[in-house]
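Here is the structure we will look at.
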Amino acid sequence: MKTKIVFGLVAVMALLFNACSESATDVVDEEILMSDEMKSSEMAVLLGDSCDFSAGLSDEEIEGLLLMREEEKFAHDVYVTLYATHGLPVFDNISKSETAHTSAILYLIDGFGLEDPYVEGVGNYTNAAFTDLYTQLTEQGNAGVIEALKVGAFIEEYDIADLEELIESTEN
């Protein structure tokens, strides 16, 4: 599972840096991972002018970015809820990584001038499928620590599958 989590993180970073020059990756890696709540504007300061948002995005690429923004928020929200229920530090740590992922995607959304689908509040999403999945998985995870860990594994596999599909379908 650790390998899948690392792969998922690498895939999100690949999405972020696909529009950026190679020099940006050295500057950001450690700072993104250590940040609790990196805002899109802070990401822009770190990357400077190393990203090029002049390429046009296809409708599929736009849809993918917006989907990933909500999917990363969904993952964050489930982990926050599981941490509140069970107090396992792994859920708190992963929720912080998910925050960095949502910020990285927000940077791309802002850079390409797209409307952010983010809705404030844990368990609130533009996409109703995430609302339903949040309810289902938090109920499952509240049943016990083993179930909560299974929920975490499911989220990572779900996220990685979507990332792989989106990476294959993008030209940018």
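Report yes if L46 is modelled with pLDDT under 95, more than 22 Å from T170 (Cβ to Cβ) and open to solvent by 30 Å² or more (accessible area, probe 1.4 Å), otherwise no.
Details: modelled with pLDDT under 95: yes; more than 22 Å from T170 (Cβ to Cβ): yes; open to solvent by 30 Å² or more (accessible area, probe 1.4 Å): yes.
Taking the combined requirement at face value, the residue satisfies it.
The set of residues from the stretch 154-172 being closer than 12 Å to A75 by Cβ and open to solvent by less than 60 Å² (accessible area, probe 1.4 Å) comprises I155, E156, D159, I160, D162, L163.
Filter the stretch 119-143 down to residues that are in a loop (DSSP other than H, G, I, E, B), closer than 18 Å to D92 by Cβ and open to solvent by less than 30 Å² (accessible area, probe 1.4 Å), then give me how many there are.
Summing the residues that are in a loop (DSSP other than H, G, I, E, B), closer than 18 Å to D92 by Cβ and open to solvent by less than 30 Å² (accessible area, probe 1.4 Å) in the stretch 119-143 gives 1.
When we screen D110, D116, D77 for residues that are among the acidic types (D, E), outside any helix (DSSP H, G or I) and in contact (Cβ under 8 Å) with a residue 24 or more places away in the chain, the only hit is D116. Look at T102 and say whether it is open to solvent by 20 Å² or more (accessible area, probe 1.4 Å) and either closer than 30 Å to N142 by Cβ or of a type outside the set (G, A, S) (or both). Considered against the rule, which asks whether it is open to solvent by 20 Å² or more (accessible area, probe 1.4 Å) and either closer than 30 Å to N142 by Cβ or of a type outside the set (G, A, S) (or both), T102 comes out as no.
The values are calculated or read from the model by the stated rules, or taken from the named source; none is laboratory data. The structure presented is a predicted model; accordingly, all values stated were derived computationally and were not measured. All Cβ positions, even for glycine, are placed from backbone atoms using ideal geometry, and neighbour counts span all protein chains on display. The accessibility values were calculated without ligands, DNA or RNA, using every heavy atom of the protein model including side chains. Shrake-Rupley method; radii C 1.70, N 1.55, O 1.52, S 1.80 Å.
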